[in-house]
1. Compute the Rg/Rh shape ratio of the protein assembly as shown: radius of gyration over Kirkwood radius, all on alpha-carbon atoms.
2. Obtain the nm distance between the two label points defined at A:ALA50 and B:VAL192 by a simple spin-label model: each point lies 7 Å from its Cα along the Cα-to-C-beta direction.
3. Exposed loop sites here are GluC sites (Glu not before Pro) in DSSP loop states with at most 13 other C-beta atoms within 10 Å. What is the longest stretch of chain B lacking them?
4. Over chain B, what is the relative contact order in whole percent, taking alpha-carbon pairs under 8 Å and six or more residues apart?
5. Gap in Å between the Cα centre of segment B:349-419 and the Cα centre of segment B:312-332?
6. Can you compute the modelled spin-label distance between A:SER10 and B:GLU589, with each label point 7 Å from Cα toward Cβ, in nm?
7. Report the residues of segment B:387-415 in range of a label on B:SER283: point 7 Å along Cα→C-beta, backbone N strictly under 12 Å from it.
8. Once the Cβ-Cβ distance between B:ASN153 and B:TYR47 is put in as r, and R0 is 51 Å, what FRET efficiency do you end up with, to the nearest 0.05?
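Values quoted throughout were computed directly from the atomic coordinates according to the rules given, and no laboratory measurement underlies them. Everything numeric here is computed off the predicted structure, so don't read it as measured data. Using ideal geometry, Cβ is built from the backbone for each residue, glycine included, and neighbour counts are taken over all protein chains shown.
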Amino acid sequence: MTGRADTPGSRDRIWWHRTLRLAAIVLGMWAVFGFAVHGLVVPLNTMVIAGFPLGFYMAAQGSLIAFVVLVFWFSARQDRIDREAGVAEPDPAREELPQ
Amino acid sequence: MSLPQRDDAFLANLGRIYGTYVGGFIAFVATLAILEQMGVPDRIIGYLFVFFTLAVYAGIGIVTRTVQVSEYYVAGRRVPAVYNGMATAADWLSGASFVGMAGTLYALGYDGLAYVIGWTGGYVLVAVLVAPYLRKFGAYTVPDFLAARFGGNLARLVGVLVLFACSFTYVVAQIYATGIIASRFLGISFEVAVYVGLAGILLCSMLGGMRAVTWTQVAQYIVLIVAYMLPVAILSAQKFGFPLAQVTYGAVLQEIAVLEQDLLARGLATAETLKPHLAPFTSLDPLNFFALIACLMVGTASLPHILMRYFTTLSVRDARRSVGWSLLFILLLYVTAPAYAAFAKLEIYQNVIGAGLEALPQWIYTYGKLGLVDICGAHAASPDAVQAACAAVPGNDGVLRLPDLAIDRDVIVIAMPEIAGLPYVIAGLVAAGGLAASLSTADGLLLAIANAMSHDVYYRTLDTRAPASRRLVMARVLLLGVAVLAAYVASTRPADILSVVAWAFSLAAAGNFPAIVLGIWWKRCTSAGAIAGMVAGFGVTLYYLAMTQYGGMAEWFGGKNISAALFGLPVGFAVTILVSLATPAPSREVQALIDDIRKPSGGPLMRDGPL
């Protein structure tokens, strides 16, 4: 939360640039698991693991798990970018309150 | 103003409240199981299930009542990420997802997984592109954001129109589903059951708005997910000695593939009538498969009743994290649905197809009587009816063949307890789960519609100086009005409305997505551009839907109308961008507003009065 030495303008620019880059990476992964993998369903189906042809498995479970991991990874990563640029929200004490 | 101690007590004790609730629910199911063993009739078990769960939801709705505007519209913005995730999952998982998804996968095999992918992947878009920014802005409704970003009430009213178009048919379908379930398990007529469902919905939402709906949705999520996972877990445990059906159904898939070959070899199915369960692109060609995924994903990120759930979190950080939790809770149902489909298909290929017409399992007749299972083109109401119908079919020699059997998609989940030979209490549990799924979605949708009308149309457009108390009265009157109207429409069994529910995704995607996303991510996007883009995208989609459904228009490039946003979405983006570039850049104030929306720090931009 320090670093007032830099001009706010340039610091904001770097922060927004990193945010855009992260968004592009996450959307790229989203396109891979949402679309590209399923375009390869026929070759993937030749591999069978525990009864699941791999192409079928990716559509029924694999991509879904990838999406969840992707969103949690994204939110942790974006939070770090925000904190390093000093634009994150302060951690409110009440956030720990509800269990 | 409104009993702050009670507010704090509820929020401070969330863990204990919902822990007790889960324990109580398990004890309740166990008690009913014992009552059933003691000989209490099925009908009474059904009554107890429906009334006790409704009473719990109503109780939560009453305890969490509020007279504060921000509590009513956004639950005071202090719902923890995990609980908001559960509430969003309940909001999202509709009655149709609960009872129909597995049946769709049963019928379509691999191709049905487009729904599973589309209805989960959209949350990545929500997390990255939309939710944190709308949370930072601090709107009460989605049109509220459109009005602030695109200067004025025209954008607001177009937003309300899109919201209404994609939410109203959806809520009618939910109330219809509650009516179907309530009438089946209470033995009352459908028209009356619809109003029982309506009472359940209003008890949850009238007094406490978003705050009450949030906390009932958490309770409803717990019921629906337990009800969904339990029957298939028992089935998996019976067959493999291991309850995780999501893992064991791989072996079932292999058995299905063997049985499919067997059915072909025995002449019980032909290559035209049998769609191999694992083979891709048998029902949807690749264009439609991927177009459907894209439309469902973008639609998810544009549905107002989902987006407004992320207005309720403590912080922007929590809004992002909450999307992850939502997706995790939603995923639990969607990874279970293909297992349901596989277990049902195995049962049917093994014990139904190829069986003598006089030796079909009992559940065929149970659901045949309800008109949900047809054999040889007639309702399979009794062994005699089946044999009479099949005698008239050429080529049938007393054995059931695959093309002779037609099963309604809802049967797969509803009949599973019976197919597996489980006690009636499990069937009652599944009904309670289906009811929870439709009630929670109906609540979220009704609130989205009524809030848009009371906040955007009444307060922001018609009477900007209305005091808080009058705004809350208006909000409740409008909620009641919309709910009664929706229940009335549902009670007329509108076949047209039910068939167009899937349109909501395409309409929301084409109408909202370009304006919301470009409004956040592109400073040069102007009011004229956004409004023109919304009208054009929404208009093209609606035109395509209506003309292909009713106007007899040929499909463009073979795109099915369920993925109509395939055309509307690019048009919406193109018009927004071109008109924006042709009009002067947004003012300095609007550009500063966008800068503020992007930064998590600094608190919400939109502030309401002290109340």
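1. Details: Rg = 25.6 Å, Rh = 26.4 Å.
Taking Rg over the Kirkwood Rh, I get 0.97.
2. 4.9
3. On the way: sites that count: B:GLU272, B:GLU555.
In short, B:273-554.
4. Working: 1032 pairs, mean separation 162.1, N = 611.
Value for chain B: 27 percent.
5. Result: 44 Å between the Cα centres.
6. Result: 3.3 nm between the two label points.
7. Inside the label zone: B:407-410.
8. On the way: r = 49 Å, r/R0 = 0.96.
That gives a FRET efficiency of 0.55.
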